[in-house]
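Beneath this line is the structure, given in structure tokens, with notes to follow.
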Amino acid sequence: MQTQSSYLEDIIDDSVEMQPLDPAVFDQYMSDGWRLLGHSIVRHNFSVCRGKMCRTIPLRIRLGDFQFSKSQRKMLRKTQKMNVKYGPIRINQAKAQLFTIHAAGRF
């Protein structure tokens, strides 16, 4: 009789707290299948999709040969004048009210 081993036996679910890293060390993490998630560097080979555990495979795009598609180039041209600002969060009454409306419909 042939037995099947469960893929649960070889689950990878590792994380490392974010810390200053030499660029070469960071690149090694990325090439080994790790990725950034919040304040951690993580790697895993599973995900939950529609209530079922599924196998995942980390992919890495080689940017040296990467070219934007026609639609991506069009979007870049359209957003060229966009100005992005970031800084400390500032919540006012209007923003809080908008979030409350959004959260009621989403969560």
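Do you know which of the residues in the stretch 24-60 that are among the small types (Gly, Ala, Ser), out of contact with any Asp or Glu (no Cβ under 8 Å at 6 or more places or on another chain) and not in a loop (DSSP other than H, G, I, E, B) is surrounded by the fewest Cβ atoms within 10 Å (Cβ to Cβ)? So, considering only residues that are among the small types (Gly, Ala, Ser), out of contact with any Asp or Glu (no Cβ under 8 Å at 6 or more places or on another chain) and not in a loop (DSSP other than H, G, I, E, B), the one surrounded by the fewest Cβ atoms within 10 Å (Cβ to Cβ) is ALA24. When the stretch 35-60 is filtered for residues that are within 14 Å of the chain's Cα centre (by Cα) and either at positive phi or without any contact (Cβ under 8 Å) to a residue 24 or more places away in the chain (or both), the ones remaining, listed by number, are ARG35, LEU36, LEU37, GLY38, HIS39, SER47, THR56, ILE57, LEU59. Within the stretch 80-99, the residues that satisfy the criterion of being surrounded by 10 or more Cβ atoms within 10 Å (Cβ to Cβ) and of a type outside the set (A, V, I, L, M) are LYS95, GLN97, PHE99. When the residues of the stretch 4-33 are filtered to those that are modelled with pLDDT of 90 or more and aromatic (Phe, Trp, Tyr), which remaining residue is nearest to PRO58 (Cα to Cα)? Ranking the candidates gives TYR29 first. Taking the criterion of being among the aliphatic types (A, V, I, L, M) and either within 27 Å of ARG35 (Cα to Cα) or part of a loop (DSSP other than H, G, I, E, B) (or both), would at least one residue in the stretch 95-105 satisfy it? No, the stretch 95-105 contains no residue that is among the aliphatic types (A, V, I, L, M) and either within 27 Å of ARG35 (Cα to Cα) or part of a loop (DSSP other than H, G, I, E, B) (or both).
Among the residues of the stretch 61-73, the ones that are small (Gly, Ala, Ser) and assigned to a helix (DSSP H, G or I) come to 2 in all.
Every condition in (1) touching a Gly at 6+ places or on another chain (Cβ under 9 Å); (2) assigned to a loop (DSSP other than H, G, I, E, B) is met by MET82 except one, and the failing one is (1).
The values are calculated or read from the model by the stated rules, or taken from the named source; none is laboratory data. Keep in mind that what you see is a predicted model, and the values were worked out from it rather than measured. Neighbour counts run over all protein chains shown; Cβ positions are idealised from the backbone, glycine included.
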